[in-house]
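Data first, discussion second: the structure below is written as structure tokens.
The values are calculated or read from the model by the stated rules, or taken from the named source; none is laboratory data. If you're wondering where the values come from, they're calculated on a predicted model, not measured in any experiment. In this analysis, Cβ positions are derived from the backbone assuming ideal geometry, glycine residues included, and neighbour counts consider all displayed protein chains. Quick note on the areas: whole protein, heavy atoms, side chains included, nothing else; ligands and nucleic acids left out. Shrake-Rupley method; radii C 1.70, N 1.55, O 1.52, S 1.80 Å.
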Amino acid sequence: MSSQNDVPSRCNRTWLEIDLDALNYNLQQINTLLPKNHTLIATVKANAYGHGDHCIAYTLQQSGVHFFAVSNLDEAIGLRRCGICGEILVLGYTQPDDAPLLAGYDIIQTIYASDCAKAFSQVCQEHNITIRAHLKLDTGMGRIGFLYDDPNLLMQIKETSTLPGISVEGIFTHLSSADMSDAESNVYTNLQLQRFSNTVHTLRENGVPVNFAHIQNSAGILRRLSPEFEGSRAGIILYGMYPSDETEHSIPLKALMSWKAVISCVKEVPAGHSISYGRHFTSERPTRIATIPVGYADGYPRILSGKGYCLVNGVKCPILGNICMDQMMLDISAVPQAAPGDIVTIMGQENNISITAEVLAQQSNTINYEITCNPSRRVPRVYLQNRKIIATENDALICADYAAAELRTNTQIL
């Protein structure tokens, strides 16, 4: 039986356990699918898909990864401040007025339109600085990017590459349907690949300095769709999950994240007793109830009210009634020995029974990406190597000393 004595320091209610050995295992597996001298871009946006970007990026850097992708400037600066010294690419929007921050922190910015490029150039000239840039090409995703079929595309990109204050180094696009296996999606993915390849070839023939091209996302890597370019972006597969059920499982992966909590209260209610808001559950028999201090404000999907379950001492225990903001109730009638302080597995494995992100996603009618991104900042991340805690990220902040520290087994950084 897991008790309060097993709860990590400073995690008195709920926490995520992140397995860094699994991260390194997944990294090794991914590298088997990539050519030698190929650059792996580790996508650590959205707090590393909920796993904690500082510790994840630091661990990857220690394992030889030197290129990272994030969503926005704040994420990029956060990585720099925690000791990440490799390349960092901002995949999305940055306001042009922040060009001095891009230059000062040596961060690569995505340029996705002519007006965007000109605005950055103007600010760079005002401050006498130069920013590094990758161009984004829209080959069919329909988000940001220069349109591949714009008749003025070559002229626009050539003009962008010669603007004062902008150093164009690379180009990339994003595959919209590579994680789908139906014939129509495969045709569309191949079309995107061809559009990108043709554009890169044309730009290089015309002297545009796009010396670093990347198109493969996680699904593309698994399918080896286009490894001939210089880089590939690994996202969800780093964290031990596949992009979809349809994606080829060409390498084995290990999930990093487990979610734990403690039982805060145990009581036995008689038949006819209602549970939680709205009284959507009323006991039909005497029922043993455990309350755990986790709710939708922690990122657990409220849609699982009355249909989800957790593991208590390796036994599936259903959620009763509506999930509250900060608490939820379980039927632990099948676990008579359970008591306050015992550890509950919300996501993870006990006694060969697993609750995976995919299981929770299926029950919630969503995707595994959203499940791991959901846990809020108030859920501390605890990092393990060799099954021992080596670092604790409390409220998603790692102390400044961690930037200079090497990961050491049995060392807890608080």
Count of residues meeting criterion [of a type in the set (D, E, K, R), out of contact with any helix residue (DSSP H, G or I) (no Cβ under 8 Å at 6 or more places or on another chain) and under 22 Å from Ala357 (Cα atoms)] in the range 279-308 = 1
Tally of residues being in contact with a Ser or Thr (Cβ under 7 Å, 6 or more places away or on another chain) and either over 16 Å from Asp150 (Cβ atoms) or not in a helix (DSSP H, G or I) (or both) across the range 193-212 | 3
Do the conditions hold for Leu175, that is, is it modelled with pLDDT of 95 or more, closer than 24 Å to Ile107 by Cβ and not in a helix (DSSP H, G or I)?
-> no
Is it the case that some residue within the range 396-411 is assigned to a strand (DSSP E or B), at pLDDT below 95 and over 14 Å from Tyr58 (Cα atoms)?
-> no
Taking the range 327-347 as the search range and keeping residues that are open to solvent by 10 Å² or more (accessible area, probe 1.4 Å) and under 29 Å from the mean Cα position of the chain (by Cα), which one is nearest to Arg288 (Cα to Cα)?
-> Met329
Having 3 or more residues that are open to solvent by 30 Å² or more (accessible area, probe 1.4 Å) and acidic (Asp, Glu) is the bar; report the strands (runs of 3 or more DSSP E) wholly within the range 53-169 that clear it.
-> none
All but one of (1) within 19 Å of Leu135 (Cβ to Cβ); (2) over 15 Å from the mean Cα position of the chain (by Cα) hold for Asn72; which doesn't?
-> (2)
Expected single match for farther than 27 Å from Gln29 by Cα, in a loop (DSSP other than H, G, I, E, B) and over 26 Å from the mean Cα position of the chain (by Cα) among Glu184, Glu268, Glu284 is Glu284
Selection from the range 267-294 of residues open to solvent by less than 40 Å² (accessible area, probe 1.4 Å) and farther than 29 Å from Tyr383 by Cα yields Val269, Ile275, Ser276, Ser283, Thr287, Ile289
Only one residue in Val359, Val344 is assigned to a helix (DSSP H, G or I), among the aliphatic types (A, V, I, L, M) and out of contact with any helix residue (DSSP H, G or I) (no Cβ under 7 Å at 6 or more places or on another chain). Which one?
-> Val359
Inspect all residues belonging to the range 51-60 and state whether any of them is within 17 Å of Leu23 (Cβ to Cβ) and charged (D, E, K, R).
-> yes
Right, Ile237: farther than 30 Å from Leu20 by Cβ, buried (at least 20 other Cβ atoms within 10 Å of the Cβ) and modelled with pLDDT of 95 or more or not?
-> no
Taking the range 312-326 as the region of interest, how many residues are of a type in the set (A, V, I, L, M) and farther than 14 Å from His280 by Cα?
-> 3
Condition check for Phe172: aromatic (Phe, Trp, Tyr), under 29 Å from His249 (Cβ atoms) and under 29 Å from the mean Cα position of the chain (by Cα) = yes
Counting only residues in the range 183-192 that are open to solvent by 10 Å² or more (accessible area, probe 1.4 Å) and in contact (Cβ under 8 Å) with a residue 40 or more places away in the chain, the one farthest from His51 (Cα to Cα) is identified as Leu191
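Yes/no matrix, rows are residues, columns are (1) among the β-branched types (Val, Ile, Thr); (2) surrounded by fewer than 18 Cβ atoms within 10 Å (Cβ to Cβ); (3) in a strand (DSSP E or B):
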site: His214; (1), (2), (3): no, no, yes
site: Ala219; (1), (2), (3): no, no, no
site: Phe229; (1), (2), (3): no, no, no
site: His249; (1), (2), (3): no, yes, no
site: Leu253; (1), (2), (3): no, no, no
